[in-house]
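The next block holds one structure in the form of structure tokens; read it before the comments.
The values are calculated or read from the model by the stated rules, or taken from the named source; none is laboratory data. Just so it is clear, the structure is predicted and the values come from calculations on it, not from any experiment. No Cβ is skipped: glycine too gets one built from the backbone with ideal geometry, and neighbour counts run over all protein chains shown.
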Amino acid sequence: TWTMGNIIDDQVAAIQAQVGSAEVICGLSGGVDSAVAAALVHKAVGDQLTCVFVDHGLLRAGEAEQVERDYVAATGIKLKVVDASERFLAALAGVTDPEEKRKIIGREFIRVFEAAAREIASAGDVQFLVQGTLYPDVVESGGGTGTANIKSHHNVGGLPDDLQFKLVEPLRTLFKDEVRALGATLGLPEEMVWRHPFPGPGLAIRIIGAVDRERLDILRAADKIGREELTAAGLDRDVWQFPVVLLADVRSVGVQGDGRTYGHPVVLRPVSSEDAMTADWSRLPYDVIAKISTRITNEVREVNRVVLDVTSKPPGTIEWE
Ligand code: XMP
């Protein structure tokens with residue numbers, strides 16, 4: 001019979017056969033795919049694996065800590081953390097165009113990852129790069145296993161020719177739900193295993209307007225409340241994704257505490273979907289929405305209005321940018 005234990009044993013043997021005694025690196029994003037792929041490789045080759053986590057400063061509350069602390073505690077993986085948030089923020093300063101934001105983030109990510117990879121590679125014989133490619137990605141890109149360049153979760157470019165890797169892709173035959181089950185069996189943190197899809201460019205494309213540290217902090221606080229209340233209502237697995245979007249250049253008048261305020265709106269964008277190609281707005285219970293709205297306007301001083309996005313995809317995309 002085909003069990004999680006079998007999959008793990010088979011993959012461990014296959015990875016050992018492929019990698020031998022060479023060194024391996026893996027970029028962690030905070031998402032489940034790279035986390036499970038790395039955990040499998042670690043099980044197979046232990047400290048021959050070094051993971052790299054580029055903290056671009058655009059993750060949600062608690063997510064960097066989840067990788068740096070909980071994931072490392074659960075797996076014992078050797079992790080190199082690069083705190084690059086200053087660099088990403090400097091590169092993003094004043095940029096409002098969504099595609100421009102993506103381009104900058106992709107470019108900076110590759111530069112930072114490449115520098116970290118070089119450091120690790122100069123210390124040993126690194127020949128392999130782990131990728132959390134799933135079966136649907138394989139089908140979409142027409143099969144064929146890669147031998148060369150990185151295809152990162154940011155969907156951008158590749159490492160230069162002198163930094164080529166053979167790919168280790170232990171999830172190539174699996175679907176998302178199988179990857180989650182595998183992650184749970186491997187003892188990964190629950191929040192990571194069940195994390196909703198989250199875009200590589202992170203919160204930068206959920207701030208409508210230019211991105212800066214203060215705006216990120218506002219959005220992070222509002223987003224955290226949305227996630228907490230969705231979880232408290234037991235609705236995490238009914239919702240595909242729940243972006244919270246900050247309309248950073250919009251202000252409206254409100255009354256909060258004992259005074260008039262001129263704050264920002266946030267948009268709640270919970271959607272249900274099968275594959276993100278199409279989506280419908282989630283009919284969350286009104287009392288859950290009410291609780292989120294009350295908490296955000298009470299607890300996040302800069303936000304005085306909460307609105308609900310009731311647009312399906314198409315015509316609206318899931319993200320606002
Ligand atoms: P849209 O907004 O196009 O999103 O309906 C569809 C799915 O893709 C995710 N998304 C991204 N993922 N880099 C990513 O890695 C991106 O630039 C990006 N933009 C959107 C989005 O969160 C949803 O799951």
Residues of segment 291-321 classified as assigned to a helix (DSSP H, G or I) and surrounded by 13 or more Cβ atoms within 10 Å (Cβ to Cβ), total: 7
Checking residue 209 against (1) more than 16 Å from the ligand (Cβ to nearest atom); (2) of a type outside the set (A, V, I, L, M, F, W, C); (3) under 26 Å from residue 74 (Cβ atoms), the condition it does not meet: (3)
So residue 269, is it more than 16 Å from the ligand (Cβ to nearest atom), within 30 Å of residue 103 (Cβ to Cβ) and in contact with a Phe, Trp or Tyr (Cβ under 9 Å, 6 or more places away or on another chain): no
Any hit, segment 57-68, residues being touching a His at 6+ places or on another chain (Cβ under 9 Å) and within 30 Å of residue 10 (Cβ to Cβ): no
Qualifying position, being surrounded by 16 or more Cβ atoms within 10 Å (Cβ to Cβ), at pLDDT 90 or above and of a type in the set (D, E, K, R), among 87, 107, 111: 87
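For every residue, the table says whether it meets (1) farther than 17 Å from residue 60 by Cβ; (2) out of contact with any Pro (no Cβ under 9 Å at 6 or more places or on another chain).
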{"residue": "210", "(1), (2)": "yes, yes"}
{"residue": "217", "(1), (2)": "no, yes"}
{"residue": "231", "(1), (2)": "no, yes"}
{"residue": "239", "(1), (2)": "no, no"}
{"residue": "254", "(1), (2)": "yes, yes"}
{"residue": "261", "(1), (2)": "yes, yes"}
Matching residues in segment 305-321 - criterion: being among the small types (Gly, Ala, Ser) and either assigned by TED's automatic domain parsing to the domain that holds residue 256 or more than 9 Å from the ligand (Cβ to nearest atom) (or both): 312
Which numbered condition residue 165 misses (of (1) at pLDDT 95 or above; (2) crowded, with 21+ Cβ neighbours inside 10 Å): (1)
Boolean, residue 280 is within 16 Å of the ligand (Cβ to nearest atom) and not in a loop (DSSP other than H, G, I, E, B): yes
Inter-residue pairs, beta-carbon under 8 Å, first in a loop (DSSP other than H, G, I, E, B) and in segment 244-257, second exposed (fewer than 13 other Cβ atoms within 10 Å of the Cβ), 6+ apart: 251/262
Of residues in segment 224-254 being away from the ligand (no atom under 16 Å from the Cβ), among the hydrophobic types (A, V, I, L, M, F, W, C) and surrounded by fewer than 18 Cβ atoms within 10 Å (Cβ to Cβ), the one farthest from residue 301 (Cα to Cα): 235
Matching residues in segment 271-286 - criterion: being closer than 19 Å to residue 177 by Cβ and among the small types (Gly, Ala, Ser): 272, 273, 276, 279
Residue pairs meeting the criteria (Cβ under 6 Å; at least 6 apart or on separate chains; first modelled with pLDDT of 95 or more, in segment 212-232; second of a type in the set (D, E, K, R)): 218/302; 223/60; 225/295; 229/291; 230/236
Residue 294 vs. criteria more than 15 Å from the ligand (Cβ to nearest atom) and of a type in the set (S, T, N, Q): yes
Candidates 237, 215, 251 - the one that is out of contact with any strand residue (DSSP E or B) (no Cβ under 6 Å at 6 or more places or on another chain) and charged (D, E, K, R): 237
Failed item, numbered, when residue 221 is tested on (1) away from the ligand (no atom under 16 Å from the Cβ); (2) more than 19 Å from the chain's Cα centre (by Cα); (3) of a type in the set (A, V, I, L, M, F, W, C): (2)
